[in-house]
Amino acid sequence: MDWTTAIDRNRDALLRMLAALFVMAGGGVVSVLPRCVRTEIFRVLRPAEAALRRLVVIVKEDMGLQARVVARAAAGFPARISGGSGERAPGFVLFDRRKRFEADNGRRLTAGEPNIRFFDGYDAVIAVKPVALPDDLVSAVRLCRRMRAMRLVLDDLPKQARRLARWEAKRASERAETGRYIRPMRPGRPPGHRARGKHPVDFVLRDCHALALFLLHPP
């Protein structure tokens, strides 16, 4: 299989979608956005981040990096991307967040007074949570940082592949003590997966996920 073509195709698709998100976010330099705009950006950003993690896995496996870095894992490595200008650049999380399987019956305790009426004319005052409106201004600082982190990764995929290999080797050497997972991809469906999604990011995520699984578990 031509892995270079597959990597370039998915990288270009992610770059186009990320450019559209930057336009929606005012260039990625704003501090607040309308709630509806931020929601629409997150609908694309979360599966795009998952697709990018899998693209880094594909690049790492294609470069055959794992065997080269195991012996050097104990020497230490940078935890974040270096910006080169003295300012710490936003770091991109290379590992999926694991699912939680704690017992949960679906009930949630609600704060406030019990629903009791008094016949002497006194009723307890219950604070009502304001309704979230689509046009409310909400913080976009974290959102913009995540978008900039994605752009840094897409600009230099081999560098991020080496960073991922170092992280995996480090975690493998400490697994007996910490019990932390090693693989960057969590079992099952990837974050942001939509079975009937028709957005271009859904197709990119499916493609990257399938290619990464093929490399990690070849037939």
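Here is how the numbers come out for the structure above:
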quantity	calculated
Protection-proxy order for peptides 22-34, 145-157, 41-53, 186-198, each taking the mean of Cβ atoms within 10 Å per residue, highest first	41-53, 145-157, 22-34, 186-198
Placed amide H near residue 138: partners under 5 Å, 5+ positions off or other chain	33, 35
For residue 92, distant residues with modelled amide H under 5 Å away	81
Exposure proxy order (Cβ contacts within 10 Å, fewest to most) of 214, 92	214, 92
From phi via Karplus (6.51, -1.76, 1.60), per-residue ³J(HN,Hα) for segment 201-213 in Hz, x at Gly/Pro	5, 5, 6, 5, 5, 5, 5, 5, 5, 5, 5, 5, 5
Point-to-point label distance, residue 35-residue 198, nm (Cα→Cβ direction, 7 Å offset)	2.7
Residue-by-residue Karplus 3J(HN,Hα) for segment 6-18, coefficients 6.51, -1.76, 1.60, Hz, glycine and proline x	5, 5, 5, 5, 6, 5, 5, 5, 5, 5, 5, 5, 5
Spin-label model distance (nm) - residue 133 vs residue 210, 7 Å beyond Cα toward Cβ	4.6
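No lab work stands behind these numbers, since they all come straight from the coordinates. Small disclaimer: the values here were computed from a predicted structure and weren't measured. Ideal geometry is used to build each Cβ from the backbone, glycine not excepted, and the neighbour counts take in all protein chains shown.
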